[in-house]
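Note sheet for the following structure.
Values in this text are rule-based calculations from the coordinates and carry no lab data. All figures in this text were calculated on a predicted structure; none of them were measured in a lab. Cβ sites come from the backbone with ideal geometry, for glycine too, and all protein chains shown count toward neighbours.
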Amino acid sequence: MQYRQAICSVCGTSHGREVTRTVPGKPYIPLEHGNYWERTEHFKPDKPFGVIMASEGRGSLISVGYFQPEDDQDGYFPLVKARVLATVKEWLANGWLSKDEVSSLLS
């Protein structure tokens, strides 16, 4: 059996078909599958840039807040921004994105 996944051109991780429901008590038996990328359609345009996590010990993390680019103490924003712009350039070069699509987005 083969699995196909799309590589995120920004972060480099790959995602595709995923298990969305399993037999209760038996997580190794899948009942339903879904497409990871369909979940990204529901991302809100006003979402924050980053999330602030805190450790509860023993490798457990909880979300304690969010931050915007102007509050980015670790320098993530310029790196992510550069990667997004490089992705647009790469996709244009590969023919996966057209200049018209980019222009219509900016209008």
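Selection of the stretch 87-107 for residues being of a type in the set (Ser, Thr, Tyr) and either in a loop (DSSP other than H, G, I, E, B) or under 18 Å from Gly12 (Cβ atoms) (or both) yields Thr87, Ser98, Ser107.
Being assigned to a strand (DSSP E or B) and either of a type in the set (A, V, I, L, M, F, W, C) or touching a residue at least 40 places away in the same chain (Cβ under 8 Å) (or both) is the filter here, so list the residues in the stretch 1-34 that pass it. Spell out how you get there, then give the answer.
Applying the first criterion (assigned to a strand (DSSP E or B)) to the stretch 1-34 yields 5-7, 14-23, 26-34.
Correct list: Ala6, Ile7, Val19, Val23, Ile29, Leu31.
Restricting attention to the stretch 35-70, the residues that are more than 23 Å from Ala6 (Cα to Cα) and part of a helix (DSSP H, G or I) total 2.
Taken over the stretch 5-54, the criterion of being under 17 Å from the mean Cα position of the chain (by Cα) and basic (Lys, Arg) is satisfied by Arg17, Arg39, Lys44, Lys47.
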